[in-house]
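Structure record follows, encoded as structure tokens.
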Amino acid sequence: MSDNHPQPALSGRRLRLAGGIFAAVAVTIAVVGIYMRIDHANDLEKAVESQHVTVKVVSPQFGPSTQELILPGNVRADLDAPIYARVSGYLKTWETDIGARVKKGQLLGEIETPELDQQIMRARADVASAQSNWEIADVTAKRWQNLVASDSVSRQESDEKTADAKSKRDILNAAKANLDSLLASQSFQRIVAPFDGVVTERNTDIGKLINPGSNNGQALFRVVDNRRLRIYTEVPQSFAYLIKQKMPVKIYFPELPGQPFTASVLSTANAIRESSRTTTVELLMDNKNGKVFSGSYAEVHFDLPSSAQIYRLPVSALLFRKDGLEVATVGPDNRVVLKSITLARDLGRVVEVSSGIESSDRVIDSPNDSIVQGDIVRIQGADAQAGDHKKEAAP
């Protein structure tokens, strides 16, 4: 037969074609497998990241160079005298009522003292009797001394008469002293103002029984001099060392809004009261116009220097744990680091922290109560920022 067919060449081409197809399929499978593994790894990474809590962080802020300390205060008059009776009796008259301005020594009221008057009459009689007894004893003693000179009587008898005269003189002096005491008490029938001021209380009326002393009830009158006022406030221990004498202070009164008054520190107790851990501070304020009444409530504003180590944080960043106050911070590896802090002041929405944190700390705001040391967290907005950086770096 003369027919020649190129069968072997055709078979070779088929083999090469099949091999190429096989190789292409293999490469395709490999590429698909690689992409699947990459996608799986990405999905796994996203799944792990999705389990991390997203948190918002804040940075500790330095407080202002000065800090305002606001405290309640009690206002008292510079001079304040409750006036009690020194003698017993009945109120005869009262000359001034509440609100009256009085001068030193001005009559406020008068007490009728019938018992004291009788005692004075009796004392006057005792003085007169003692005076007579002493005079006769003195004359007798002198006569007996003359008789001794003429040896008419013994010296012993003369000495007895002289001693009797001295005894009568002592009785006279005692009677006079008793009368003087009663007369001094009688002077207290007149109740007078101890200084220039205002009558703020009258707790008696005509005919009322009066007992002496301050342990038997209310004062009859009260007189105050409120041209200057003393304001007392209790400063916490943490601020006590900042209070200095003559320091200016602003005073506000609720009944006089928008009208600050200026006072100055007069003195401090220089001691901390154990029951409250505060020290008493006394302020002095001018009140010549009489706008402010004694007994008022005051709001005392101290302008004090701030500590350089005071930081401010939102109160929502605090963690209240059994070991005390803590904050959760984010470390460089995005792990939670718990830090114990010392609170200086609570300002409402913001607190001042005196120790435990630094200005570079990333403090978690509103942390979950279950957050613990070492937890991995994601910072809110960090992923978006990272994506933006990748886009900028892409060609």
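Observations on the model:
- Condition met for Glu255 (of a type outside the set (S, T, N, Q), in contact (Cβ under 8 Å) with a residue 24 or more places away in the chain and touching a strand residue (DSSP E or B) at 6+ places or on another chain (Cβ under 7 Å)): no
- When the strands (runs of 3 or more DSSP E) confined to the stretch 299-389 are screened for residues that are out of contact with any Pro (no Cβ under 8 Å at 6 or more places or on another chain) and more than 30 Å from Phe261 (Cβ to Cβ), those reaching at least 2 such residues are found at 319-321, 324-330, 336-340, 342-346, 350-355, 377-379.
- Within the stretch 180-193, residues that are assigned to a helix (DSSP H, G or I) sit with their Cβ atoms under 6 Å from residues that are among the basic types (Lys, Arg), at 6+ positions apart or across chains, in these pairs: Phe188/Arg86.
- Within the stretch 222-268, the set of residues being under 14 Å from the mean Cα position of the chain (by Cα), part of a strand (DSSP E or B) and not β-branched (Val, Ile, Thr) comprises Tyr232, Glu234, Pro236.
- Some residue of the stretch 362-374 being aliphatic (A, V, I, L, M), under 23 Å from Lys322 (Cα atoms), surrounded by fewer than 11 Cβ atoms within 10 Å (Cβ to Cβ) and at pLDDT 90 or above: yes
- Yes/no for Pro194 being within 30 Å of Asn289 (Cα to Cα), surrounded by 13 or more Cβ atoms within 10 Å (Cβ to Cβ) and at pLDDT 90 or above: yes
- When Leu304 is tested against (1) out of contact with any Leu (no Cβ under 6 Å at 6 or more places or on another chain); (2) farther than 19 Å from Val75 by Cβ; (3) in contact (Cβ under 8 Å) with a residue 60 or more places away in the chain, exactly one condition is not met: (1).
- Any chance Pro305 is under 23 Å from Pro64 (Cα atoms), out of contact with any His (no Cβ under 8 Å at 6 or more places or on another chain) and surrounded by fewer than 13 Cβ atoms within 10 Å (Cβ to Cβ): yes
- Within the stretch 321-345, being more than 15 Å from Val57 (Cβ to Cβ) and hydrophobic (A, V, I, L, M, F, W, C) holds for Leu325, Ile341, Leu343, Ala344.
- Any hit, the stretch 225-239, residues being buried (at least 18 other Cβ atoms within 10 Å of the Cβ), without any contact (Cβ under 8 Å) to a residue 60 or more places away in the chain, over 14 Å from Val292 (Cα atoms) and assigned by TED's automatic domain parsing to the domain that holds Ala77: no
- Residue in the stretch 115-123 that is small (Gly, Ala, Ser) and either closer than 30 Å to Ile243 by Cα or surrounded by fewer than 19 Cβ atoms within 10 Å (Cβ to Cβ) (or both) present: no
- One residue from Gln145, Gln118 being assigned to a helix (DSSP H, G or I) and closer than 19 Å to Ala184 by Cβ: Gln118
The values are calculated or read from the model by the stated rules, or taken from the named source; none is laboratory data. Small disclaimer: the values here were computed from a predicted structure and weren't measured. Here the Cβ is made from the backbone with ideal geometry for all residues, glycine too, and neighbour counts use every protein chain on show.
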